[in-house]
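Participant: Dropping a structure here in structure tokens format, bear with me for questions.
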Amino acid sequence: MLRRALLLLALPSLAVAQHPFSSAGETYDAAVPAPSAILGYRIGERFTPHHMMLRYVDAVGATSRRVHVDTTGYSVEGRPLLLIAVSSERNIGRLSEIRADAQRLADPRTVATADWNAAVSRLPAIVWLEHSVHGGEASGFESAIALLYQLAAGTDAATRDALENVVVLIDPSENPDGHERHVHDVQRASGIGPTPVTPGAMIHRGSWPGPRYSHYGFDLNRDWFILSHPESRARTAAFMRWWPHVAVDLHEMGTNSTYYFAPPMEPNNHNNPKHLAGWFERFGSAHASAFDAHGWSYFRREGYDSFYPGYGEAWPMLTGAIGMLFEAAASSGGAIRREDGTVRTLHDAIWQQYTAERATVLYSAANVRELVRDYADFRRAPARDDDGPRGMLFARDGDGRADSLAALLLDNGIEVARLRSDASVVGTAYGASASASVRMNAGAYAVNYDQPQGRLARAILEPDAKLDTAFIRTELESRRTGLPDRFYDVTAWSLPLAFRLDAWETRALPRSLEPVTRASLQTAVTEPTRASYAYAFEPGSEASLRLLGSLLADSVRIWYAQRAFALGGASFPKGAFIVRVVANHSSVHARVRDGAVAAGAHVTPLMSAAVDSGADLGSNSVMFVRPPHVALLGGPPVGSSSFGFAWYAIDQRLRYPVATVDIGFIAGAGLDEFNVLIVPSASAGALDRELGDDGRANVARWVRNGGVLITLENATAWLATEQLGLARIRMHRDSTRADSAGGARLNERVPGAIVRVTADTLSPLMAGIRDTGFPVFLNSDRVVTLPDDLEAGEAVVRFAAADRLRLSGYLWPEADDQRALSPWVWTERVGSGRVIGFVEDPLFRDLFRGLLPIFANAVLLGPSW
């Protein structure tokens, strides 16, 4: 109360507050400050920085009894992530009771029928509104401020009545780091006059890497089940404390568009709740009525789907919420001229966003009992199909990937169990077509789809996401006639495949199961006893890679055993790492001990160089690991996401120091400070133009003098050019043509599938990977041809034969034959250096954790062989 009183004294005298989007006759509580009283401008006049939004939320929270503010976490750059609960004063006073009822309905298995019915009858509708996950789509951020004021201060009957029946949860900024880049770009490009409306003006273009993405260049609207980033982890944890019934994600699209709201277009994820379709129509009609009152244009059922489960509205759908996407036409830098000659302003975009989400709140309040009932019925209904698998199992591995997947599932609210003892199970292995009996070892993990989060579990775990055959027929016909496809995002993401695990779907789970908790997944790392000769640790796991990276960064000398060996009862595969005591400083014992504990890696002390089997550890086959000095190319023309995926992998997964540099730097002498250069995806033509003849020659000279050039995706097409002259591979150009549209070339970009590859496990790039075949990601039309003089160890990973290629997702009919046996990873020696080209991105979205060791080996071992 003291804080409220002090803030009121600090505020200017308020008459009837003005809302920029209020209707005639609407009034407001003068004790609650309008946005202009705190910000110094009216919403829509400029873009609001994150710190000013925090200031306004703090002021409203201190002056309105309808508001409760939580900090759920912090962004990578340290900005607070807020969740603002707004409801009637009575509801705010009993939030703990409301959350308890929400939990009862979210997991009704242990709730008595009478208690369940009582919760259904009294629980307000919980409406979750999330804003501006893409930082440059800032109208949502501004609309959150406008809506907060309306709900916190509005004294009209519609607002008051609605708040008796709903709790509105406002996440005002899903991506504060990206949002701040946008605000700063606009501020830097602004002058004293009005915003230039010319579409090509700098104020509308921003600076690399652009505001759409997170600090690390990730699209957080794809991260909801992957949970790589603190923003996503905080958001899903908050979601599962509240279990909302309606969830809306506010975005922007092209400036020449109108406005989109549900229902979505095809394809639909077959795991989505059946009750969604009716609610989409009903909410869509409510939104349409609100827009028709202003004469605004809009569209539905096209442009956006609900297939990929990692969207901000799709993940909530799979929990039972009515998940909806809003897309407003963007105003870019605040005011931009459109193709029809009209000017789209920030005020226009905010007004539409505000109108749509206010209509959502009002409609939810008016239908509270039916919304809550449908949600509650969904949460207690079996998630498994009567004619489908009941659940799935995945085996533990020696590298901890299964444990990591189990932890990720728990973070998604999915229950995981573990086999107490060995068991025989009849199931269908991932990648197989027929079921068979398999013996599962104790400790294997199991997921029963018959649980409240079962729909989400099946959506992210099943081996192949189902695409409707009618949808595919339409796509093939559209493609044949030269029309664009409707694949909005990737078509495959199966987590067991992405984690490179052995997994099975089954109709009957074993009985000898025990629940898994976060605590039970924690394994204590034993400090190694003091070694007299060396310390050894296996390759391949994320823990061992972190340890390798930390020791190399700490100037510890390390060797790499190219052959398997056994010593003192311990066996090591080829690729094990050896830290010799005598070759290092006397502090090496403590440094290995501390590094192992921090990384969670198991280290074995060795007392002799003489092994029981294999090559002795003083053999010439035991290779010294030259410390990598790593540069990562960023800035134009590098793709922001590809750059971010690589940066995140090195920075967060490997914890290894990396310098981010631009193309001007690598064109000059500065490159000589490094022995590893990573070039993320960028077009060959753009790289050539930016480098110029001298820069290209400098990169080639650097490689020939001992540098390691690692290319990803489109940059590998640049590596394959004759002009660069560093690799003998070339890009294949297919001549398949459509039968109309002037014989246009068919679209051959594979829309994000998972396919099988075969590997040369003798290569150092495969250290820690024992599988000769495993899943990888395919997301392009790139096809690389091999040279006639192919040598051993160059085409390290190749796509499988055509009849074994596809594992999950959709491939165009000719894709199998085009890619069969072509390289996925290529490497060759060039002078004293080496080139390593990844045809696809092994680090895509931090999803394909099973492929991280290959990239890590390229970076950390590349200079050493």
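The values are calculated or read from the model by the stated rules, or taken from the named source; none is laboratory data. Here the structure is a predicted model, which is why all the values come from computation and not from measurement. When we count neighbours, we look across all protein chains shown, and the Cβ atoms used for this are built from the backbone with ideal geometry, even at glycine. Surface areas here come from the heavy atoms of the whole protein model, side chains and all, with no ligands, DNA or RNA. Shrake-Rupley method; radii C 1.70, N 1.55, O 1.52, S 1.80 Å.
Participant: Looking at (1) part of a loop (DSSP other than H, G, I, E, B); (2) open to solvent by 10 Å² or more (accessible area, probe 1.4 Å); (3) farther than 26 Å from ALA138 by Cβ; (4) not acidic (Asp, Glu), which one does GLY295 not meet, given that it meets all the others?
Facilitator: Failed condition: (3).
Participant: Collect the residues in region 570-601 that are under 36 Å from the mean Cα position of the chain (by Cα), in contact (Cβ under 8 Å) with a residue 24 or more places away in the chain and surrounded by fewer than 20 Cβ atoms within 10 Å (Cβ to Cβ), keeping them in residue-number order. Steps first, please.
Facilitator: The initial filter retains those residues of region 570-601 that are under 36 Å from the mean Cα position of the chain (by Cα), namely 572-579, 591-601.
Subsequent filtering for residues that are in contact (Cβ under 8 Å) with a residue 24 or more places away in the chain retains 572-579, 591-593, 595-601.
Matches in region 570-601: PRO573, ARG591, ARG593, VAL597, ALA598, GLY600.
Participant: While we're on this one: Exactly one condition in (1) of a type in the set (A, V, I, L, M, F, W, C); (2) assigned to a strand (DSSP E or B); (3) free of Cβ contacts under 8 Å to residues at least 12 places away in the same chain is not met by ILE192; state its number.
Facilitator: Answer for ILE192: the failing condition is (2).
Participant: Just wondering, is there one or more residues in region 658-669 that are free of Cβ contacts under 8 Å to residues at least 40 places away in the same chain, under 23 Å from TRP718 (Cα atoms) and more than 33 Å from the chain's Cα centre (by Cα)?
Facilitator: Taking region 658-669 as the starting set, the residues that turn out to be free of Cβ contacts under 8 Å to residues at least 40 places away in the same chain are 658-669.
With the extra rule that they be under 23 Å from TRP718 (Cα atoms), the set shrinks to 658-669.
Now narrow it down to the ones that are more than 33 Å from the chain's Cα centre (by Cα): 668-669.
So far as region 658-669 goes, yes, one or more of its residues are free of Cβ contacts under 8 Å to residues at least 40 places away in the same chain, under 23 Å from TRP718 (Cα atoms) and more than 33 Å from the chain's Cα centre (by Cα).
Participant: From the residues in region 817-852 that are touching a residue at least 40 places away in the same chain (Cβ under 8 Å) and basic (Lys, Arg), which one is nearest to ARG401 (Cα to Cα)?
Facilitator: To start, the set of residues in region 817-852 that are touching a residue at least 40 places away in the same chain (Cβ under 8 Å) comprises 818-819, 822-828, 830-852.
Narrowing further to those that are basic (Lys, Arg): 819, 834, 845, 849.
Working: ARG819: 28, ARG834: 30, ARG845: 17, ARG849: 8 Å.
Ranking the candidates gives ARG849 first.
Participant: Ok, one more. Can you spot a residue in region 119-129 that is over 25 Å from LEU81 (Cβ atoms), open to solvent by less than 10 Å² (accessible area, probe 1.4 Å) and touching a Pro at 6+ places or on another chain (Cβ under 9 Å)? Even if it seems obvious, please write down each step before you answer.
Facilitator: Here is the first cut: in region 119-129, the residues over 25 Å from LEU81 (Cβ atoms) are 119-123.
Within this subset, residues satisfying the condition of being open to solvent by less than 10 Å² (accessible area, probe 1.4 Å) are 119-120, 123.
Those still in the list that are touching a Pro at 6+ places or on another chain (Cβ under 9 Å) too: 119.
Taking every residue of region 119-129 in turn, at least one turns out to be over 25 Å from LEU81 (Cβ atoms), open to solvent by less than 10 Å² (accessible area, probe 1.4 Å) and touching a Pro at 6+ places or on another chain (Cβ under 9 Å).
Participant: Next up: Kindly establish whether PRO496 is out of contact with any Asp or Glu (no Cβ under 6 Å at 6 or more places or on another chain), at pLDDT below 95 and open to solvent by less than 30 Å² (accessible area, probe 1.4 Å). Give the steps one after another, and end with the answer.
Facilitator: Values: out of contact with any Asp or Glu (no Cβ under 6 Å at 6 or more places or on another chain): yes; at pLDDT below 95: no; open to solvent by less than 30 Å² (accessible area, probe 1.4 Å): yes.
No, not satisfied.
Participant: Can I ask one more? How many residues does region 319-361 contain that are open to solvent by 10 Å² or more (accessible area, probe 1.4 Å), closer than 25 Å to ASP156 by Cβ and out of contact with any Gly (no Cβ under 6 Å at 6 or more places or on another chain)?
Facilitator: 6
Participant: Another one. Mind listing whichever residues of region 61-78 are in contact (Cβ under 8 Å) with a residue 24 or more places away in the chain, under 30 Å from TYR648 (Cα atoms) and surrounded by fewer than 21 Cβ atoms within 10 Å (Cβ to Cβ)?
Facilitator: As a first pass, look at region 61-78 and keep what is in contact (Cβ under 8 Å) with a residue 24 or more places away in the chain: 62-68, 70, 72-77.
Narrowing further to those that are under 30 Å from TYR648 (Cα atoms): 70, 72-77.
Within region 61-78, ASP70, THR72, GLY73, TYR74, VAL76, GLU77 qualify.
Participant: Please go through region 231-266 and pick out each residue that is assigned to a strand (DSSP E or B), within 23 Å of the chain's Cα centre (by Cα) and either among the hydrophobic types (A, V, I, L, M, F, W, C) or over 22 Å from LEU408 (Cβ atoms) (or both). I'd like the intermediate steps shown before the answer.
Facilitator: Here is the first cut: in region 231-266, the residues assigned to a strand (DSSP E or B) are 246-253, 259-260.
This time we only want the ones that are within 23 Å of the chain's Cα centre (by Cα), so: 246-253.
Answer for region 231-266, where residues must be assigned to a strand (DSSP E or B), within 23 Å of the chain's Cα centre (by Cα) and either among the hydrophobic types (A, V, I, L, M, F, W, C) or over 22 Å from LEU408 (Cβ atoms) (or both): VAL246, ALA247, VAL248, LEU250, HIS251, GLU252, MET253.
Participant: Still on this model: Give the residues of region 844-864 that are over 22 Å from MET623 (Cβ atoms) and open to solvent by 10 Å² or more (accessible area, probe 1.4 Å), sorted by residue number.
Facilitator: First, pick out the residues of region 844-864 that are over 22 Å from MET623 (Cβ atoms): 844-851.
Selection gives PHE844, ARG845, ASP846, ARG849.
Participant: Kindly provide the set of residues from region 830-865 that are on the phi > 0 side of the Ramachandran plot and part of a loop (DSSP other than H, G, I, E, B), ordered by number. Talk me through it step by step, then tell me what you get.
Facilitator: Taking region 830-865 and keeping what is on the phi > 0 side of the Ramachandran plot, we get 831, 845-846.
GLY831 - this is the single residue of region 830-865 that is on the phi > 0 side of the Ramachandran plot and part of a loop (DSSP other than H, G, I, E, B).
Participant: Follow-up. For region 249-257, indicate whether the set of residues that are surrounded by fewer than 23 Cβ atoms within 10 Å (Cβ to Cβ), in contact with a helix residue (DSSP H, G or I) (Cβ under 9 Å, 6 or more places away or on another chain) and within 21 Å of ARG455 (Cα to Cα) is non-empty.
Facilitator: No, region 249-257 contains no residue that is surrounded by fewer than 23 Cβ atoms within 10 Å (Cβ to Cβ), in contact with a helix residue (DSSP H, G or I) (Cβ under 9 Å, 6 or more places away or on another chain) and within 21 Å of ARG455 (Cα to Cα).
Participant: Where the second residue is open to solvent by less than 50 Å² (accessible area, probe 1.4 Å) and not in a loop (DSSP other than H, G, I, E, B) and the first is modelled with pLDDT under 95 and lies in region 358-384, which pairs have Cβ atoms under 7 Å and are six or more apart or on separate chains?
Facilitator: ARG380/PRO108; ALA383/GLY454; ALA383/ARG455; ALA383/ARG458; ARG384/GLY454
Participant: Check off (1) closer than 30 Å to ALA498 by Cβ; (2) out of contact with any strand residue (DSSP E or B) (no Cβ under 7 Å at 6 or more places or on another chain) for PHE394 and give me the number that stays unchecked.
Facilitator: (2)
Participant: Out of LEU521, LEU567, LEU513, report the one residue that is surrounded by 22 or more Cβ atoms within 10 Å (Cβ to Cβ), more than 30 Å from PHE674 (Cβ to Cβ) and out of contact with any Phe, Trp or Tyr (no Cβ under 8 Å at 6 or more places or on another chain). Show your work before the answer.
Facilitator: Values: LEU521 fails: surrounded by 22 or more Cβ atoms within 10 Å (Cβ to Cβ); LEU513 fails: surrounded by 22 or more Cβ atoms within 10 Å (Cβ to Cβ).
From the options LEU521, LEU567, LEU513, the qualifying one is LEU567.
Participant: Within region 130-152, work out how many residues are open to solvent by less than 10 Å² (accessible area, probe 1.4 Å), farther than 20 Å from THR236 by Cβ and either at pLDDT below 95 or small (Gly, Ala, Ser) (or both).
Facilitator: Looking only at that region, the number is 5.
Participant: Within region 35-54, track down each residue that is over 20 Å from GLY178 (Cβ atoms), open to solvent by 10 Å² or more (accessible area, probe 1.4 Å) and in contact with a helix residue (DSSP H, G or I) (Cβ under 9 Å, 6 or more places away or on another chain).
Facilitator: Result: ALA37, ILE38, LEU39, GLY40, TYR41, ARG42, GLY44, GLU45.
One line per residue, one yes/no per condition, for (1) over 25 Å from the mean Cα position of the chain (by Cα); (2) of a type in the set (Lys, Arg); (3) assigned to a helix (DSSP H, G or I):
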residue	(1), (2), (3)
ALA118	yes, no, yes
GLU137	no, no, no
PHE141	no, no, yes
ALA144	no, no, yes
LEU147	yes, no, yes
ARG160	yes, yes, yes
VAL168	yes, no, no
GLY178	no, no, yes
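Participant: For region 278-285, indicate whether the set of residues that are among the polar types (S, T, N, Q), open to solvent by 10 Å² or more (accessible area, probe 1.4 Å) and part of a helix (DSSP H, G or I) is non-empty. Spell out how you get there, then give the answer.
Facilitator: First pass over region 278-285, keeping only residues among the polar types (S, T, N, Q): 285.
Next cut, open to solvent by 10 Å² or more (accessible area, probe 1.4 Å) only: 285.
With part of a helix (DSSP H, G or I) added as a condition, the list becomes 285.
Within region 278-285, one or more residues are among the polar types (S, T, N, Q), open to solvent by 10 Å² or more (accessible area, probe 1.4 Å) and part of a helix (DSSP H, G or I).
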